[in-house]
Amino acid sequence: MNELQKVFNYQDQQVRTVVKDGEPWFIAKDICDILEIGNSRQALARLDDDERASFEMTHPQSPTKTIMMQAVNEPGLYSLILGSRKPEAKQFKRWITHEVIPTIRKTGGYVANDDLFIQTYLPFADDQTKLLFSATLETVRKQNEVISEMKPKAEEHDRFIAATNVQTLEQAAKSIGIGRNKLTSFLRTIGVFVRKEGSPVPYQRYINEGYFKVKQSPSRYYGVNFVQTYVTAKGVSFIDRKLEEYGGARAVNALRMKEIEHIA
């Protein structure tokens, strides 16, 4: 049995979620309603098997009854967003990747405001309890803000220590937490890389900024130069910031290659 654990509000429309094994699953009907996907069953059928699942939930109107609900995980959610023709789909995706998912992972939950949280989880509490809980929420929020500000700086410091010299793309990708091919595709999609002579090469402006170094070596077999791109310590930090604009390395790594090619 699963319980609806998280409540989200997106432009006055609710998005219900379930957390399973620490990962969020989104109720498919809510996502399809927001994205104006008319045939949700058909849209779900196009997803891979590991992107969708059925959950036995407590019935919202009757605690003694259960109901089966379809839900999608992060990759499934991104697939639905990419398949939507609604102009606001990109804005909705940004809200999910920049606010909802990071907050779930940091705090275990997301609610748009304190009143909604109290109304959802403490509907029968007396006024004094609600006031006390509201003050506690504010304290926790401030603490999380401080932690959120400190964590990227600590992680960035660790990466700089580990990357005092240049790294190959494969080494940089591993330190950031994303596959090499997906990182290369991502950088090409957002306009940082271009393919040259079959190899991923950064545009000159990013070389000038000190993010990358490009070395050419002669090939003994084909009579042409072999191009190799290296990432500097400054470049590792730059790539990490770019990934955060799209939900972070983990979110991008969860996408399929075809989805990364249309991420921008």
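The values are calculated or read from the model by the stated rules, or taken from the named source; none is laboratory data. Just so you know, these numbers come straight off a predicted model, no measurement behind them. Virtual Cβ from ideal backbone geometry, glycine too; neighbours counted across all protein chains shown.
Every listed requirement among (1) buried (at least 16 other Cβ atoms within 10 Å of the Cβ); (2) without any contact (Cβ under 8 Å) to a residue 60 or more places away in the chain; (3) in a loop (DSSP other than H, G, I, E, B) is met by I178 save one, (2). With respect to G235, is the statement that it is crowded, with 16+ Cβ neighbours inside 10 Å and in contact with a His (Cβ under 8 Å, 6 or more places away or on another chain) true? Considered against the rule, which asks whether it is crowded, with 16+ Cβ neighbours inside 10 Å and in contact with a His (Cβ under 8 Å, 6 or more places away or on another chain), G235 comes out as no. Within region 1-13, being surrounded by 13 or more Cβ atoms within 10 Å (Cβ to Cβ) and either at pLDDT 70 or above or part of a strand (DSSP E or B) (or both) holds for N2, K6, V7, F8, N9, Y10.
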